[in-house]
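Report on one structure; see the data block that follows.
The values are calculated or read from the model by the stated rules, or taken from the named source; none is laboratory data. It should be emphasised that the depicted structure is a prediction, and the values quoted were computed from it without experimental measurement. Protein only, heavy atoms only, side chains kept; ligands, DNA and RNA dropped before computing areas. Shrake-Rupley method; radii C 1.70, N 1.55, O 1.52, S 1.80 Å.
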Amino acid sequence: MGNLWTCPREETVAVIERFGKYSHIAYPGCNCLNPLCGEGVAGILSLRVQQLEVKCETKTKDNVFVTLVVSVQYQVRRDHTFDAFYKLTNSHSQISSYVFDVVRASVPKMNLDDVFLEKEAIARSIRNELTKSMGTFGFDILQALVNDIAPAAKVKEAMNDINAAQRLRLAAVEKAEASKVKVVKEAEAEAEAKYLQGAGVARQRQAIVAGLQQSVRDFKESVTGVAAHDVLELMLVTQYFDMLREVGANAKTNTVFTPGPSVGEGGACGNAAEMLGDMRRSMLEAGCVQSMSRA
């Protein structure tokens, strides 16, 4: 004698047969059976959401073998338990077959890079195909996800090498651009420094000239009968000897002096005049060089 009752757990149902023919569905809880009438439990069917992972290897349009891992979430319809139990021997095998069919029909039309970009489109195609085909067997396809796309190991290494080479090239370009900016800025700074230095020297000379003019006027007002030319020569000679004293006082000086003209017929005044002529020529030459450099 068979069992007198059956107690399916929550979210499961029991398929009851009478003498090998479908009778009814026993829902969760205690359900009495009549063994005398040949009632018995043909099987237990889960109504929970189930997930099936399918690994499918295929080839892309650019002849790269790749393995896709597809996760399919499905559930038995409560009002189609008869179809789900009797029309399919193995629901897992049926779902896997449809997944293989969709993947191997769509991926070979794409390049490897496009497979990564069109992952959502592939998953949507799988879900639409499964919904259409498995609906007749009493199954709802809730979701289809492409969880992983795995090319061969050598292909991964090649892709990483290409990416690394591109990044190194960009880094080299940026480094060269930074060096260029540095050189340009240094040149601009040097030019600006030289310009400011020249402007400073010009202002210094203007101040010296203005001071000399003021000194000549003061000397002429204090001492009568002296020409401005004589006063200027005297001041230049005085500054010349002051410079000699400062150079001689420095123990670490590296300045070399060439012997000047000796005292001749003109005496000290003749020597000073010659010295003054040399200084005047030097100043005129320096002024010409500065004018040419500005031009």
So Met243 and Val155, fully extended at 0.36 nm per residue minus their Cα-Cα distance, gain in nm 23.6 nm
As straight-line cross-link partners of Lys182, the qualifying lysines (C-alpha separation under 23 Å, not fewer than 8 residues apart within one chain) are Lys194
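Cα-Cα over 30 Å: which of Lys87/Lys119; Lys61/Lys175; Lys61/Lys132; Lys109/Lys175; Lys154/Lys180? Please list the in-between numbers first.
Values: Lys87/Lys119 32 Å; Lys61/Lys175 38 Å; Lys61/Lys132 27 Å; Lys109/Lys175 41 Å; Lys154/Lys180 39 Å.
The answer is Lys87/Lys119; Lys61/Lys175; Lys109/Lys175; Lys154/Lys180.
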Averaged per residue, the 1.4 Å probe accessible area of the stretch 50-181, protein heavy atoms only, in Å², is roughly 61
Counting only protein heavy atoms with a 1.4 Å probe and every protein chain in place, the carbon and sulfur fraction of the accessible surface of the stretch 1-152 in whole percent equals 49
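Tell me, what is a quarter of the convex hull surface for the C-alpha atoms of the stretch 33-136, in nm² with one decimal? Please report the intermediate quantities before stating the final value.
Details: hull surface 30.2 nm².
Over all viewing directions, the stretch 33-136 projects a mean Cα-hull area of 7.5 nm².
Return the inverse of the average 1/r over all pairs of distinct C-alpha atoms in the stretch 1-77, which is the Kirkwood hydrodynamic radius, in Å to one decimal. Please report the intermediate quantities before stating the final value.
On the way: mean 1/r = 0.0651 Å⁻¹.
Value: 15.4 Å, from the Cα pair sum.
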